[in-house]
Amino acid sequence: MPRVGPGVIGPPPVPVGGPPPTGPPTPGPRAPHRWGFPTYLLAEVVFLGVSALLGWLLVRGTQPGVGTVAILLGLPTLCAATIAVVATVVRGNGPRIDLGLRFSWRDVGLGIAFGVGGLVLSIPAALVYMAIVGAENASSAVGDVFENLTASPAQAFLVFALVALVAPFCEEVVYRGLLWGAMEKHGANRWVAFALTTIIFALAHFEFTRTPLLLIVAIPIGLARALTGNLTASIVAHQINNLLPALALALSLMGALPGAV
């Protein structure tokens with residue numbers, strides 16, 4: 001072994017405290033995002049504005065077909081969710097950090113569990129609601145707009161995908177992503193954010209006679225977000241909740257079931 005001394009070449013002395021660290025520097029705490037309630041309000045304004053514009057352009061007093069109704073229902077929600085994602089990119093840390101939009105199989109499993117648990121609550125609640133208001137008055141706004149319409153299998157599948165997959169994803173991005181993050185930015189803890197987003201989500205459907213039922217539906221979805229901290233779980237829970245109504249709606253459009261949801 002070489003010795004270190006005058007005239008002897010050897011390895012440099014090791015600094016006190018151990019060798020210097022190697023590899024990339026450890027990142028510091030993430031910067032707080034620069035978006036908040038105004039961005040959420042902008043998303044809602046875009047949703048309402050696009051809905052009104054499409055209604056004026058595509059309907060104008062005529063009876064719309066299935067494709068037109070699907071555009072009227074899907075595009076405004078997609079635009080609102082796009083506003084949310086773009087805001088996190090331009091004025092924040094991106095949707096993965098700011099909205100909790102992180103994928104993991106664990107969250108998918110928990111989302112399925114919360115979604116199935118939500119069905120255990122919402123199906124009896126829907127039956128009670130139907131008994132109170134009558135079967136003829138118990139359909140949702142989505143079911144009402146598709147009433148008396150017929151669809152090909154391809155169109156029915158499009159409606160199913162919209163109601164079961166696309167709409168839950170977009171709504172979760174806006175409410176339990178954007179609105180939730182705005183509340184946390186201003187000091188709300190997760191349970192305050194859970195309570196307020198649940199109420200606002202139920203009211204924002206503008207089906208005020210169904211608001212108590214929508215509150216029951218929203219509770220397990222919000223719990224999935226609160227207990228996991230990630231949006232993936234609440235998205236999956238929301239999609240599980242919409243699965244049966246979407247299937248019933250698609251079948252009714254093809255004439256396989258009487259009436260719509």
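The values are calculated or read from the model by the stated rules, or taken from the named source; none is laboratory data. As the structure is a prediction and not an experimental result, all values here were calculated from the model. Every residue, glycine among them, receives a Cβ derived from its backbone with ideal geometry; neighbour counts consider all protein chains shown. Each accessible area value is taken on the protein alone, full model and side chains, heavy atoms only, with ligands, DNA and RNA left out. Shrake-Rupley method; radii C 1.70, N 1.55, O 1.52, S 1.80 Å.
Quick check on segment 207-257: take the gyration tensor over C-alpha atoms, sort the square-rooted eigenvalues as a ≥ b ≥ c, and tell me if it's rounded (a/c under 1.5), prolate or oblate. The partial results should precede the final answer.
Details: a/c = 4.42, a/b = 1.66, b/c = 2.67.
Oblate, because a/c is 1.5 or more while a/b does not exceed b/c.
Could you tell me what percent of the accessible area of the chain is made up of carbon and sulfur, with a 1.4 Å probe and every protein chain present? Let's see the in-between values first.
Numbers: 10320 of 14320 Å².
The nonpolar share, carbon plus sulfur, comes to 72 percent.
Which listed residue (Leu214, Trp191, Pro32) has the Cα farthest towards the positive end of the charge dipole for the chain, taking +1 on Lys and Arg C-beta and -1 on Asp and Glu C-beta about the Cα centre?
Farthest towards the positive end: Pro32.
So for Trp191, Trp105, Trp56, Trp180, what's the accessible-area order with a 1.4 Å probe, most first? Show your work: numbers first, answer last.
Details: Trp191 110, Trp105 195, Trp56 150, Trp180 0 Å².
Sorted by accessible area, descending: Trp105, Trp56, Trp191, Trp180.
Run through every distinct alpha carbon pair of the chain and return the Kirkwood hydrodynamic radius in angstroms, one decimal place. Intermediate results must be reported in sequence, preceding the final value.
Details: mean 1/r = 0.0482 Å⁻¹.
Result for the chain stands at 20.8 Å.
For segment 27-138, what's the radius of gyration and Dmax over Cα atoms, in angstrom?
19.5, 59
Using 5 Å bins from zero, what percent of all Cα-Cα pairs in segment 120-188 falls into each bin?
Percent of pairs per bin, in order: 3, 13, 13, 15, 17, 18, 12, 6, 3, 1.
Given the -39500 (n - 2.57) contribution per DSSP H run of 4+ residues, what per-residue ellipticity at 222 nm results for the chain, rounded to the nearest 500 deg cm²/dmol?
Values: 11 runs with 162 residues, N = 261.
When only DSSP H runs of four or more count, the value is -20000 deg cm²/dmol.
If we sort 214-220, 133-139 on the protection proxy, mean other Cβ atoms within 10 Å, highest first, what's the order? Working shown, then result.
Values: 214-220: 21.3, 133-139: 12.7.
Top of the packing list down: 214-220, 133-139.
For segment 69-196, what's the radius of gyration and Dmax over Cα atoms, in angstrom?
Rg then Dmax for segment 69-196, in Å: 17.5, 50.
What is the percent of Cα-Cα separations in segment 56-115 that go past 19 Å? Could you put the intermediate results ahead of the total?
Details: 1016 of 1770 pairs.
Within segment 56-115, distances greater than 19 Å cover 57 percent of Cα pairs.
For the chain, return all DSSP H helices satisfying: extent of Cα atoms along own axis at least 27 Å; mean Kyte-Doolittle hydropathy at least 1.0. If you can, show how the numbers build up before the last one.
Values: long enough: 37-58 (31 Å, 1.76); 66-91 (37 Å, 1.97); 105-133 (40 Å, 1.62); 231-253 (31 Å, 1.36).
Long hydrophobic helices here: 37-58, 66-91, 105-133, 231-253.
At a threshold of 8 angstrom on Cα-Cα distance, excluding pairs fewer than six apart, so keeping six or more, what relative contact order does segment 165-261 reach in percent?
Details: 73 pairs, mean separation 27.1, N = 97.
Relative contact order, segment 165-261: 28 percent.
How fast does segment 155-261 diffuse by Stokes-Einstein, in µm²/s, taking the Kirkwood radius from C-alpha pairs at 25 °C and 0.890 mPa s? List each step's numbers first, then the result.
Working: Rh = 14.4 Å.
Translational diffusion coefficient: 170 µm²/s.
So what is the accessible area of the chain per residue, in Å², with the probe set to 1.4 Å?
Values: 14320 Å² over 261 residues.
Accessible area per residue, the chain: 55 Å².
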